[in-house]
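Visitor: I'd like to ask some things about the structure below.
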Amino acid sequence: MTSTLIRFAEQTAVVTPTWVRLAELLASVLFILALKGLSSPKTARRGNLLGAAGAAIATAVVFFYGQQYYGGPVKHLPQILIAIAIGSIIGWVAARRVQMTQMPQMVALFNGVGGGAAAVISVIEFLSVHSESVPILTATIFTVVVGSVSFTGSLLTYAKLQELMTSRPVVIPLGRFITIGVAVATIATAVLLILNPTNALLWALLGLSLVLGILLVLPVGGADVPIVISLLNAFTGLSVAASGYVLGNVLLIVAGTLVGASGTLLTRMMAKAMGRPLTNTLFGAFTAKASTSTASAEDRPVKSASPEDVAIMLAYARKVIIVPGYGLAVAQAQNTIRELVELLVAKGIEVDYAIHPVAGRMPGHMNVLLAEANVPYDQLKEMDEINPEFPTTDVALVVGANDVVNPAARDDKTAPIYGMPILNVDQAQQVVFLKRSMRPGFAGIENEVLFDPKTSLLFGDAKDSLTKVVNSLKTL
Amino acid sequence: MDAISLLTIFILSIFVGIEVVSKVSAILHTPLMSGANAIHGVVLVGAILVTGKATDNVQLYLGLVAIVLAAINMVGGFVVTDRMLEMFKPKKAEKEEVSK
């Protein structure tokens, strides 16, 4: 054990110029200030820029590690610079072009590639150093497994959110046993690798971990996907920290651990906002029966309304609550809804937006989307604040939302979303749904409110419908 | 640096990481996740380190792949977070003017 420690100490005794290490300390402090800043609306943007400055400093000084680390000047410098340029351009263009509605999958994608990078780094370090130190091997294995799981898991969440594949939980026959089998095989390979560090075993471990990432995320569906992105984000942080340990780099340990710890806390907060323990999110779908009784849904009567009907209903209300959902954003109708609300307010009607914590596709997503359309902040009410007001509300206008107003989450213990706090639109005097079709929401569950006699449905694209409602409101 | 020092840094970082985000409001969950995501893009440093001492082509090409992936994570992460937060800001300024 002592000899291992000594060998380990020798190996990581990288002599780096003092100014470089001070620059890295500065970068670490900037990362802490970045996270701190991001926690408050006033300082968030500055916080993010501080983080970017930290990352830029860290990247700039790494070329000055020098002789002891690189064994001479940095090798392959031109290729390295070109690779940085390529990655930066791809990242920059993707980040600039992405629509706000597609933000969750973009974050998933950026997170996945980060995890992939961490895994590859540990693979290279293993191939080049051939360390036999148990702590180093353990950290290497941790990075490879967690980084790979984060990589394929994130790519799969991307595919689900981008609707390249179904967003429902995918339950493969005997899936639970296959997943457990692969997990056991991964652990067994990891143990063998510590006892006998060969390249073949490392490649096997890499392959198993990549498959494991897919198997873990496949059965996660619907509203749980964002929580998984947050969790995988924390995973990537931890794998970056472990790769820092493998490389003997303090900055990576600090940055990775900060993200791992804050990400874990954030994941728990999100899960709590949705009223689901984290274990349910990850393992719930294993026990869920493939989507329940949707067959009879088509035959049940619903009351549909014309845009004029809706306009009249709204114009003669005293109090209206708007419940915006992802469908609103998909139809790019944020500006139209703002226009509608302005008209109603001008008529002296009390109007609020009810924002469910997970409205949109990610906690806080709807706030971003409405901020983009210049909706005043003070009209946005959080769930706990608005819920007591539904019974005294004349019209609840639900635009492109479904799961977050589904009373099954409150009343039906067998529903997959049971326990998620919802907006109680069913308590309003009248409910109007603007929907494209009778298709159930992201979680794939039938919503009983749709069949309630006090509910009217206005079918069509949210933007079209809202524009028609606005036009007929103007003529009233 | 010896193992105990690294362990100390690791443990203390956990506490700092939890402490700094403990009071985040739900409005900022998305930007915070995205910003934290960008910070772990600093894995680019590790990618440059291993590539800069690559002794054969396998290591070199793997290293270059890692650099591209890490740079996407870092640059894309910060830019996308800034885009989100940019929209929070002028909003407030406008509101203040209205209330005046």
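The values are calculated or read from the model by the stated rules, or taken from the named source; none is laboratory data. Bear in mind the structure is a predicted one, so any value in this text is a computation, not a measurement. Note: ideal-geometry Cβ built from the backbone for every residue, glycine included; neighbour counts use all protein chains shown.
Visitor: Kindly indicate whether residue A:170 is more than 29 Å from residue A:192 (Cβ to Cβ), touching a residue at least 24 places away in the same chain (Cβ under 8 Å), of a type in the set (A, V, I, L, M, F, W, C) and more than 10 Å from chain B (Cβ to nearest Cβ).
Guide: So residue A:170 passes the test.
Visitor: Inside the range A:31-71, can you point out the residues that are hydrophobic (A, V, I, L, M, F, W, C) and outside any helix (DSSP H, G or I)?
Guide: Residues satisfying the conditions do not exist here.
Visitor: The conditions are (1) surrounded by 24 or more Cβ atoms within 10 Å (Cβ to Cβ); (2) of a type outside the set (S, T, N, Q); (3) touching a residue at least 12 places away in the same chain (Cβ under 8 Å); (4) more than 28 Å from residue A:186 (Cβ to Cβ), and residue A:84 fails exactly one of them. Which is it?
Guide: (1) is the only condition that residue A:84 fails.
Visitor: Can you name the residue in the range A:155-171 that is out of contact with any helix residue (DSSP H, G or I) (no Cβ under 7 Å at 6 or more places or on another chain) and modelled with pLDDT under 90 and is also surrounded by the most Cβ atoms within 10 Å (Cβ to Cβ) among such residues?
Guide: Among those that are out of contact with any helix residue (DSSP H, G or I) (no Cβ under 7 Å at 6 or more places or on another chain) and modelled with pLDDT under 90, it is A:170.
Visitor: So, one more: Please verify whether residue B:44 is modelled with pLDDT of 95 or more, at the interface with another protein chain (Cβ under 7 Å from one of its Cβ atoms) and in a helix (DSSP H, G or I), treating the condition exactly as stated.
Guide: In short, yes.
Visitor: Are there strands (runs of 3 or more DSSP E) fully within the range A:315-415 with at least 3 residues that are among the basic types (Lys, Arg) and surrounded by fewer than 20 Cβ atoms within 10 Å (Cβ to Cβ)? List them.
Guide: Result: empty, no element qualifies.
Visitor: Something else about it: For residue A:167, which of the numbered conditions (1) closer than 21 Å to residue B:34 by Cα; (2) among the polar types (S, T, N, Q); (3) in a loop (DSSP other than H, G, I, E, B) fails to hold?
Guide: Failing condition for residue A:167: (1).
Visitor: Quickly run through the range A:296-339 and pick out the residues that are over 27 Å from residue A:384 (Cα atoms) and without any contact (Cβ under 8 Å) to a residue 60 or more places away in the chain.
Guide: A:296, A:299
Visitor: Give the range B:1-41 a look and list any residue that's surrounded by 15 or more Cβ atoms within 10 Å (Cβ to Cβ) and either more than 7 Å from chain A (Cβ to nearest Cβ) or not in a helix (DSSP H, G or I) (or both), or say none.
Guide: Across the range B:1-41, the qualifying residues are B:1, B:19, B:24.
Visitor: Now, a different point. If a residue has to be within 20 Å of residue A:161 (Cα to Cα) and either within 8 Å of chain B (Cβ to nearest Cβ) or outside any helix (DSSP H, G or I) (or both) to count, how many in the range A:78-108 make the cut?
Guide: Total meeting the criteria: 11.
Visitor: For the range B:36-65, give me the residue count where each residue is in contact with a Gly (Cβ under 9 Å, 6 or more places away or on another chain) and of a type in the set (D, E, K, R).
Guide: 1
Visitor: Hey, any hits in the range A:186-202 for a residue that's assigned to a helix (DSSP H, G or I), within 30 Å of residue A:83 (Cβ to Cβ), away from chain B (no Cβ under 14 Å) and in contact with a Ser or Thr (Cβ under 8 Å, 6 or more places away or on another chain)?
Guide: Yes: the range A:186-202 contains one or more residues that are assigned to a helix (DSSP H, G or I), within 30 Å of residue A:83 (Cβ to Cβ), away from chain B (no Cβ under 14 Å) and in contact with a Ser or Thr (Cβ under 8 Å, 6 or more places away or on another chain).
Visitor: Go through (1) among the charged types (D, E, K, R); (2) assigned to a helix (DSSP H, G or I); (3) at the interface with chain B (Cβ under 7 Å from one of its Cβ atoms) one by one and return the number of the condition residue A:75 breaks.
Guide: That leaves (2) as the condition not met.
Visitor: Condition first: within 21 Å of the chain's Cα centre (by Cα) and of a type in the set (Phe, Trp, Tyr). Now tell me which residues in the range A:16-61 satisfy that.
Guide: Within the range A:16-61, just A:31 meets the criteria.
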